[in-house]
Amino acid sequence: MKKPNRRSSAECYDYPQYWDLAFRDETLFEADFVESAAEKYAQIPLQTVLEPGCGGGRLMVELAKRGYQVVGFDRSQPSVRYVQQRLRRRNLPGKVFVGDMTDFRLAEPVDCVVNLVNTFRHLTTEKAALAHLQQVATALQPGGIFLLGFHLIPLDADPDCTERSTARHGQTKVTLTLRVVDFNRRKRLERIRFNLRVKSGQRDRKLQSEYDYRLYTHKQFLSLLAKVPELELCETYDFNYDIDDPVPLDDQLSDAVFVLRKQSG
């Protein structure tokens, strides 16, 4: 019997404020990288940025604070409502809506698309992943860039993996634990269990969800990318987001950030 794609005692993505807190330390590095990559690789000025799978909107809000026009969407209605509230509270312009990464339409093309931190790997089939790349190519202005970040699977990857991190804001402490609970290289799928423990005053809340993620070697991603000729690979970085330090795209790379550009003409 096929296991469900997602199981949850309490859906982590329904609490975007805690999810964003767990990753908030990465926000400034990511926003700086967006600006640096646009300056180095885009053939048009950076004015508008789209974030598919925007979650709680931490990157959208930061980019809006820096003066960019931001658009985002997510399948999670609680996340979309949360981003709308954050933008209104700060009196920042921006549009956010409920949408699907494989089938979305924009009123106007954008200069940059940002999809970081493994969101892309939620698309667990070749068809879905290809559809997303094609949608991004349509959404981009010619000469605009697509920053796509996700974990590659080295050939010698250890399928037994657990990661834990802690973040604090005021009286709130969030501990995030990621554990691989199933790994199938042949099917190119792994299931990851996310545990969020939130302590705030007397409150102690535990959230748990499981998601299937698609596996990619660097060659498998390049094979997929070749099916979308409108997008050219400019350079590859890792999760250090150092614009002056690109990295080789080989079997040793695990944390990959691809700078893709829409071909002009």
In this structure, is ARG121 of a type outside the set (A, V, I, L, M, F, W, C) and at pLDDT below 95? no
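Scanning the stretch 136-156 for residues that are open to solvent by 30 Å² or more (accessible area, probe 1.4 Å) and out of contact with any Pro (no Cβ under 6 Å at 6 or more places or on another chain), which turns out modelled with the lowest pLDDT?
Just the residues of the stretch 136-156 that are open to solvent by 30 Å² or more (accessible area, probe 1.4 Å), to begin with: 138, 141-142, 151, 155-156.
With the extra rule that they be out of contact with any Pro (no Cβ under 6 Å at 6 or more places or on another chain), the set shrinks to 138, 142, 151, 155-156.
Numbers: THR138: 97, PRO142: 98, HIS151: 95, LEU155: 65, ASP156: 61.
Going through the qualifying residues, I end up with ASP156.
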Here are the criteria: (1) modelled with pLDDT of 95 or more; (2) open to solvent by less than 40 Å² (accessible area, probe 1.4 Å); (3) not hydroxyl-bearing (Ser, Thr, Tyr). Tell me which single one GLU126 does not satisfy. (2)
On the given criteria, is PRO248 open to solvent by 60 Å² or more (accessible area, probe 1.4 Å), within 20 Å of ALA128 (Cα to Cα), assigned to a loop (DSSP other than H, G, I, E, B) and at pLDDT 95 or above? no
Residue count, the stretch 194-234 (criterion: in a strand (DSSP E or B) and under 20 Å from the mean Cα position of the chain (by Cα)): 14
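Every residue, every condition in (1) open to solvent by less than 50 Å² (accessible area, probe 1.4 Å); (2) under 15 Å from the mean Cα position of the chain (by Cα), yes or no:
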position: ARG24; (1), (2): no, yes
position: GLU51; (1), (2): yes, yes
position: ARG58; (1), (2): yes, yes
position: GLN84; (1), (2): no, no
position: LEU87; (1), (2): yes, no
Tally of residues being crowded, with 16+ Cβ neighbours inside 10 Å and not hydroxyl-bearing (Ser, Thr, Tyr) across the stretch 101-117: 11
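The values are calculated or read from the model by the stated rules, or taken from the named source; none is laboratory data. Since the model is a prediction, treat every value here as computed from it, not as a measurement. Cβ coordinates were reconstructed from backbone atoms using ideal geometry, including for glycine residues, and neighbour counts include every protein chain displayed. Ligands, DNA and RNA are excluded from the accessible area calculation, which covers all protein heavy atoms including side chains. Shrake-Rupley method; radii C 1.70, N 1.55, O 1.52, S 1.80 Å.
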